[in-house]
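The block underneath contains the structure these notes are about, expressed in structure tokens.
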Ligand code: FES
């Protein structure tokens, strides 16, 4: 499977908050239901040593939240195959 770092299409059960798209200077991180963190806006992603990771020039990037992506830190859709339960609990 070829990995895609683009944010996946809307997943079933995803809810809109009614919020508008991120402004030019705003970084927005959206937690997808049982899926990745979708980062929108202008940002720099680095590894633990400060090395910049190439996110291309995409308008948004999906970061793996399940820990099973084959292209971490990016989401490759594996969360769907493993039935990732990403409900937040407090
Ligand atoms: S959240 Fe998508 S592969 Fe982990």
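The values are calculated or read from the model by the stated rules, or taken from the named source; none is laboratory data. Remember, predicted model here, so these are calculated numbers, not experimental data. Methodologically, a virtual Cβ is constructed for each residue, glycine included, from the backbone with ideal geometry; neighbour enumeration extends over all protein chains shown.
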Per the filter on segment 66-81, residues within 19 Å of residue 53 (Cα to Cα), within 11 Å of the chain's Cα centre (by Cα) and surrounded by 19 or more Cβ atoms within 10 Å (Cβ to Cβ) are 74, 75, 76
Note on residue 81: of the conditions (1) more than 8 Å from the ligand (Cβ to nearest atom); (2) farther than 15 Å from residue 33 by Cβ; (3) part of a loop (DSSP other than H, G, I, E, B), unmet is (3)
Within segment 41-73, the residues that are more than 8 Å from the ligand (Cβ to nearest atom), modelled with pLDDT of 95 or more and not in a loop (DSSP other than H, G, I, E, B) are 46, 52, 61
Screening 34, 6 for residues that are surrounded by 14 or more Cβ atoms within 10 Å (Cβ to Cβ) and modelled with pLDDT under 75 leaves only 6
